[in-house]
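The structure appears right after this line, and notes come after that.
What follows draws every value from the coordinates through simple rules; no lab data is involved. Since this is a predicted model, take the numbers as computed values, not measurements. Cβ coordinates were reconstructed from backbone atoms using ideal geometry, including for glycine residues, and neighbour counts include every protein chain displayed.
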Amino acid sequence: MDKDKTAIALKNKENQEEFLPSYNDLDIQGMIYEIRGQQVMLDFDLAKLYGYEVKRLNEQVKRNKERFPEDFMFPLTQDEMLELSRSQFATSIQTFGIKGGRTYKINAFTEQGVYMLATVLKGEVAVHQSLMIMRTFKKMRHYINENRQLLGSTDLLNSLIQDNMKIKEEMYNGHKELKTEIDGIKENMVTKNDMKASMNKVLNSFIPKEELKQFVFKDSQPFEANVAYMDIYKEAKHSIYIVDDYINCHTLSLLSAKKKEVNVIVFSDNKGRGSGKLNQLEFDNFNREYPTLSIKKNNQRCHDRFIIIDYQTDTEKIYHCGASSKDAGKKVCCISLLSTSDIIYSIIDELLMHDDYIFE
């Protein structure tokens, strides 16, 4: 009887994989949107990738809602759904009030949310599709990093305004609301430029890497903070040591910017609750794709956070970090390059002697 049940389960699994559509990088890139200043994927696209019904996928998310904080997953507002439905890249989206549309909101998943979704859905199919998605996110993130000097430029903002004007003219045929909306965009541009002018220290720190000394971030600037951490990790030629008691999946996603041959050691007691702390599956998955990562206990030795690049080599740099990388940008924080590094050598040597961290 048990053999029969096993055979049926294997047959169901084969059928699921047989009818699961095949997707490549270009297909997945077309499913990645920028909403609220970050790259996300929508629940109905993920359902297709994972071979689930949308309703069933969201039920799994609801059952594990403690694993999906707002920076992992958020429901789109009606305005956001309407804006997406107007885009030539999202013609299949139907919104509230449109005949045949969904009766519940669309959920948007960030890169970390997609990763967490794979751990909730489980199964070989979910793991395989998740790896494809994460690689696509990595490629797009690399492109953005290489070309970020264009982000926020006047030319790009002017281009967006012109595109917006063209769309509005076609849809509303010169309606009076067009002028009001364009004026609103211009007003926001001034506000954004004023903010950037007041943060010259931040902007200047991103451009000439050889003069990099300090990053300062205002609250609600997680994207800028992420770029700063990835830039630091890219500098490493041999090793990266991180001293931080609070780590999770987002900590590892930032480390994916490192060079392949660079080894990473994290000194941490892995504090936090639920999705707020790193788990064994996330650790193993990262090591398979971006070797080699190890974690040693901090044993409550260090309160502050540090990043040590190429320890005791000619290219060594040591940064003091005001916030954990997983939380940087949520509140005002600072990353400073230490002018004298030998004062921390004895502490690092002691940490290297600590036992490996074992997941509970």
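Counting every other Cβ atom within 10 Å of each residue's Cβ, 120, 243 order from fewest to most as 120, 243.
Going down the table (297/330; 258/326; 65/259; 48/258; 48/271; 55/271), which pairs top 24 Å between alpha carbons? Beyond 24 Å: 297/330; 65/259; 48/258; 48/271; 55/271. You can think of it this way: the chain between residue 352 and residue 70 has 98.0 nm of extra reach, that is 0.36 nm per residue less the Cα-Cα gap.
Dipole magnitude for region 259-310: computed about the Cα centre from +1 point charges on Lys and Arg Cβ and -1 point charges on Asp and Glu Cβ, it is near 200 debye.
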